[in-house]
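Comments concern the structure below.
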Amino acid sequence: MSNAVRFSSYGGPEVLEVVEIEAPLPRPAEVLVEVYATGLNPAESALRRGEARAGSTVELPARQGRDLAGVVIATGPGVERFSRGDEVMGWGEGTQASHVVVPESQLMPKPPGISWEVAGSLATAGTMAWNAVEGLALGPADTVVVTAAAGGVGCLAAQFARLHGATVIGTSADARFDFLRQFGIQPLGYGPGLAARVRVTTSAPITAFLDFLGGEAGAAVELGVPTGRVLTVLDEEAIDERGVARVEPGDLVALGRVSAAIAAKQVRLPIADVFAIDEVAEAYRALDRRDAAGKIVLGLRVVDYPGQRVKEPAIKEQDVTLGVPTPHERLEAVEAVPAAIGDGSVRRRHREAREQADAGARGQADAEAHEQTDAEGGRPHP
């Protein structure tokens, strides 16, 4: 049997459920993969809400998930590149499941230097970021704005742009400014008047605009960026009405180049949090807030130990207390100084002890000097 995420009606994360299904069997040119990790993407939230792009339909109950990393369990007839036990990464349909069948052409070997969580998050975010930067041919003369720069695709796109020598201004929640600075990104907060705030940040012309947040194409036009150099993922209105270009996920060639850059530590994909499959609704709530520093991941092989007594709480303390004032009665703080310190007696005793030690040292030095003088003059001791 296999566990899989499904939704039978459109709506928020609450419509997601984990169901038990028969384990799938690979057909010719297909591979059965036990999924270890699968990254979450905003496009999946849009699909679940019934906001699928024109021309695409979803048959309910629907599967969910695209990215994956895991281990080959079985292969169908004609599969030549993989065998049982191989570690793989790539993309498929309905990958938020313990087992999934994937065409051989959509898989590649997982580099040993990449963690499961990162490998399971690169097929969409990584190749989108790669295609965006390579398609624009960014270089040292470019200054580019990246919205949602702390998210998975935005963070990678900003790093790829920096590798090409471009200057990057990235928007995010204020709490993520230091996160962006570590990648050499100039941070700028979310909010209205983006174009005006960008102009305050730099006097250089903005030559490209990567809108991974959505809804900021107007700011790009106001900054004078040609629509052909304004890219977005989910903003269908900007694509239809403004002629903004859509960023699409890449192929295995792009995935191989992205994973090679990750393995060589040229770029990093931070993992904001890892959720078990039973916590998929909470995982998407975290994703939909759009303030996570890096990728949100479902971990299908979360380690648990027999007899384990301590478990991480479902709600992290900082999630409910960070930035929240704590009401309490006003307290009067009075400095209580011990009498021995307050009246100076300790300092006085220390001073007297130092004076006695100094006097004893001087007396000893005088005695030694007298003995030396007597010895040199041949006079007897008194």
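One table, with the values for the structure above:
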| item | result |
| --- | --- |
| Per residue accessible area of region 222-284, 1.4 Å probe, in Å² | 49 |
| Region 129-287: C-alpha gyration tensor shape, a/c 1.5 cut-off, then a/b vs b/c | rounded |
| For region 239-245, 3J(HN,Hα) per residue [Karplus equation, 6.51 cos²θ - 1.76 cosθ + 1.60, θ = phi - 60°, Hz, x = Gly/Pro] | 5, 6, 9, 10, x, 5, 7 |
| Loop-resident sites, region 85-134, for chymotrypsin sites (Phe, Trp or Tyr not before Pro), counting at most 12 other Cβ within 10 Å (DSSP) | none |
| Qualifying GluC sites (Glu not before Pro) in region 1-90, DSSP loop, other Cβ atoms within 10 Å at most 11 | 22, 59, 80 |
| For region 121-130, Karplus couplings with θ = phi - 60° (6.51, -1.76, 1.60), whole Hz, Gly/Pro x | 10, 8, 4, 9, 4, x, 6, 4, 4, 4 |
| Fraction of antiparallel bridges per DSSP, region 70-224 only, in percent to nearest 5 | 30 |
| Under-5 Å amide H pairs with residue 37, H placed in peptide plane, nonlocal only | 69, 300 |
| Candidates per GluC sites (Glu not before Pro) in region 202-298, loop by DSSP, up to 12 other Cβ within 10 Å | none |
| Whole-Hz ³J(HN,Hα) from phi, Karplus 6.51 cos²θ - 1.76 cosθ + 1.60, for region 256-263, glycine and proline x | x, 5, 5, 5, 5, 5, 5, 5 |
| Separation in nanometres of the label points that stand 7 Å from Cα toward Cβ, at residue 237 and residue 358 | 8.1 |
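The values are calculated or read from the model by the stated rules, or taken from the named source; none is laboratory data. Since we're looking at a predicted model, the values are computed, not measured. We place every Cβ from the backbone using ideal geometry, glycine too, and count neighbours over all the protein chains shown. Surface areas here come from the heavy atoms of the whole protein model, side chains and all, with no ligands, DNA or RNA. Shrake-Rupley method; radii C 1.70, N 1.55, O 1.52, S 1.80 Å.
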